[in-house]
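Heads up: the structure comes next, in structure tokens.
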Amino acid sequence: MTAASRFDARPHVVVSNLPFHITTALLRRLLAAPGWTDAVLIAQWEVARRRAGVGGGSQLTAQAAPWFAFELGRRIPRSAFRPMPQVDAGLFAVRRRERPLVEAADRRAYEALVARCFSAPGAGLARILPAAGALPAQAAKRWLRERGHPPHALQRDLSPDDWAALWHRHRAVR
């Protein structure tokens, strides 16, 4: 996959060794593209882990999670490549969900909410969620308790189901 790649609207599979220096830009482009059902990708090991939510989710993964499922494959040692890069690579897969966790019509608003949650000030989601305008303070504490998260949990601790539930609660209390 390159910056010039075109995506067919018909169902297809994407397989790519993403250039390490533009992985995030290409992944954003792929996630916005129509048609593809599955992607098998190679990226830097730490990027592959992060996209799959190993060690905590990222903003990009949280924004895409209602529509896509990420899964970490295997680590590929840097010695397997010529020329040899500075870091190991990782295989990961992205699958388009048959049933999205959030309606497609809400995608931009949902992504904006996630971005606000990742950039809002505060120590822990009990403070971050109200600062981001996601939920009022008491509703945020109640929601965290219902979802089994302590008040000091961070954005990276939320699963795709948590993010979708937060979106639905946010919409309900507005």
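In the stretch 118-129, the residue that is nearest to the chain's Cα centre (by Cα) out of those that are part of a helix (DSSP H, G or I) and surrounded by 14 or more Cβ atoms within 10 Å (Cβ to Cβ) is 118. If you go through the stretch 150-174 one residue at a time, how many are closer than 15 Å to residue 134 by Cβ, in a loop (DSSP other than H, G, I, E, B) and not hydrophobic (A, V, I, L, M, F, W, C)? Adding up the residues that qualify gives 2.
Scanning the stretch 42-59 for residues that are under 12 Å from residue 155 (Cα atoms), in contact with a Phe, Trp or Tyr (Cβ under 9 Å, 6 or more places away or on another chain) and not polar (S, T, N, Q), we see that the one that is least open to solvent (accessible area, probe 1.4 Å) is 57. Within the stretch 24-60, being closer than 18 Å to residue 104 by Cβ and touching a residue at least 40 places away in the same chain (Cβ under 8 Å) holds for 30, 31, 36, 37.
Of the candidates 132, 140, 62, the single residue that is touching a Ser or Thr at 6+ places or on another chain (Cβ under 8 Å) and crowded, with 22+ Cβ neighbours inside 10 Å is 132. Between 173, 102, which is among the β-branched types (Val, Ile, Thr), open to solvent by 50 Å² or more (accessible area, probe 1.4 Å) and over 30 Å from residue 76 (Cα atoms)? Result of the check over 173, 102: 173. If the condition is being surrounded by fewer than 17 Cβ atoms within 10 Å (Cβ to Cβ) and among the small types (Gly, Ala, Ser), then the stretch 17-39 contributes 25, 32, 33, 35. Taking the criterion of being in contact with a strand residue (DSSP E or B) (Cβ under 6 Å, 6 or more places away or on another chain), over 15 Å from residue 44 (Cβ atoms) and surrounded by fewer than 22 Cβ atoms within 10 Å (Cβ to Cβ), the residues of the stretch 71-96 that qualify are 71, 93, 95, 96.
A quick yes/no check of all residues on (1) of a type in the set (Phe, Trp, Tyr); (2) closer than 29 Å to residue 169 by Cα; (3) part of a loop (DSSP other than H, G, I, E, B):
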site: 23; (1), (2), (3): no, no, no
site: 28; (1), (2), (3): no, yes, no
site: 50; (1), (2), (3): no, yes, no
site: 79; (1), (2), (3): no, no, no
site: 83; (1), (2), (3): no, no, yes
site: 94; (1), (2), (3): no, yes, no
site: 105; (1), (2), (3): no, yes, no
site: 116; (1), (2), (3): no, yes, no
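The values are calculated or read from the model by the stated rules, or taken from the named source; none is laboratory data. Values in this document were obtained by computation on a predicted structure and should not be read as measured data. Here the Cβ is made from the backbone with ideal geometry for all residues, glycine too, and neighbour counts use every protein chain on show. With ligands, DNA and RNA removed, areas are computed over all heavy atoms of the protein, side chains included. Shrake-Rupley method; radii C 1.70, N 1.55, O 1.52, S 1.80 Å.
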